[in-house]
């Protein structure tokens, strides 16, 4: 097959973009050569399949960002982009997005003009529907190269109402070979906003089967797990307040909450937790860990429910992971969450639930006694990585 170029934020550096670790295994079975081009690097480097090469030409240092901005200012790219979107700018974030677009535009063109990277007759795949895509399309046009550009679209790179404008988005979609949204909700949003229904398809993410089911707790115990960043958008404090309320009302139940993940509100969360004084509420904040550690936790601990109260989502991989171990889920109806959570596998709350509603959902999970084999079968149908990424790979082969 043709060479596949994948543009990422950091992968295979760092610990983010974990879902790509599973996807690239299936891609490597079909493409003779895969070249990963990260925008940033990190000390931590993950293992990749043998036919995956890392190209560091597009690493975007602070120095390069400054130089590229001044070039964009001098050659008119920044002014032109600013002028074209002047009536859409509503916040500082919008202005920053325009700066980011213009500087990437300049930088990617410079890299491709000064290196021997050969995109000809290949597929260039942006893992995010962001400025990577615009810049690659400009390279293709400016240097008169023959390659196909595709992209995935997740959450922050779809919903402009929440995350700010993306310059020249309509033009970008028109020029794409295919845009793969990870959810129906994302596909619907993009189609209603930009049309081009034939260009936008769904290609779901997934997680691999770890061949095990988590066990439930003993009587009068409630073990809760959550996996997310500790930010305002993830509503971690709503989860904390709900568990405090539940533990207060159910003194005979020992409630244990384990959270994996960190973020800007982590120190504040630790302080609040440190001041709690409930004998039957035990809280363990694990911070940021590798996915393998989370999988080990699922295998070796009793878990009664996974909770995600986020105010915005794509399709949460963390929920897929929980379901792959047969764990019931409580989640808010935001983004594409409703596509993998319903009453047969847990409780789907409204997009802005109250503490009482979260507590009621916990009661439902405890009393309904969900069959873990049934939850796992549902995951197998909706989110099995081997199936989903093989389907995606077959799509790419046809291009």
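Every read-out reported here was derived from the displayed coordinates using simple, explicitly stated rules and does not represent laboratory data. Computed from a prediction, not measured in an experiment: that's the story for all the values here. Cβ sites come from the backbone with ideal geometry, for glycine too, and all protein chains shown count toward neighbours.
Of note:
- Contact order relative to length of the chain, as percent, for alpha carbon pairs under 8 angstrom and 6 or more apart: 14
- Simple spin-label estimate for residue 156 and residue 363 in nanometres, 7 Å along Cα-Cβ: 3.8
- Helix axis angle, 131-142 relative to the chain longest principal axis, alpha carbon, degrees: 20
- Separation of alpha-carbon centers, segment 29-56 and segment 125-197, rounded to whole Å: 22
- Relative contact order of segment 69-226, pairs being alpha-carbon contacts under 8 Å that are 6 or more residues apart, as %: 18
- Computed packing ranks the peptides 93-101, 276-284, 145-153 as 145-153, 93-101, 276-284, most packed first, by mean other Cβ atoms within 10 Å.
- When DSSP beta bridges are restricted to pairs lying wholly in the chain, around 5% turn out antiparallel.
- Three-way shape call for segment 1-133 based on the alpha-carbon gyration tensor, with the a/c threshold at 1.5: prolate
- Value at 222 nm in deg cm²/dmol, rounded to 500, when DSSP H runs of n ≥ 4 in the chain each add -39,500 (n - 2.57): -13000 deg cm²/dmol
- Helix 385-397 axis versus longest C-alpha principal axis of the chain: approximately 20°, rounded to the nearest ten.
- Taking other Cβ atoms within 10 Å as a rough exposure proxy, 154, 275 sort from fewest to most as 275, 154.
- In terms of packing, defined here as the mean over residues of other Cβ atoms within 10 angstrom, the peptides 128-140, 65-77 line up highest first as 128-140, 65-77.
- If you take the Cα centroid of segment 246-310 and the Cα centroid of segment 332-352, the two points sit 21 Å apart.
- Normalised by 2.2 N^0.38 Å, where N counts its residues, the alpha-carbon radius of gyration of segment 248-290 equals 1.29.
- By the count of neighbouring beta-carbon atoms within 10 Å, fewest first, 83, 156 end up ordered 83, 156.
- Most mobile of 355, 24, 79 in a GNM of the chain (Cα contacts under 10 Å): 79
- Principal semi-axes in Å for segment 221-382 [√(5λ), Cα gyration tensor, largest first]: 22, 18, 16
- When only Cα pairs below 8 angstrom with a gap of at least 6 residues are kept, segment 1-123 shows a relative contact order of 27 percent.
- Counting only DSSP beta bridges whose two residues both lie in segment 221-382, roughly 5 percent are antiparallel.
- Stretching residue 118 away from residue 311 to a fully extended chain increases their span by 65.3 nm, per 0.36 nm per residue minus the current alpha-carbon distance.
- Folded to 0 to 90 degrees: helix 92-114 orientation relative to the chain principal axis, Cα: 50
- Residues 157, 118, sorted so that the one with the fewest Cβ neighbours within 10 Å comes first: 118, 157
- Most mobile of 337, 197, 115 in a GNM of the chain (Cα contacts under 10 Å): 115
- Cα shape, segment 345-399, gyration tensor, a/c 1.5 rule: oblate
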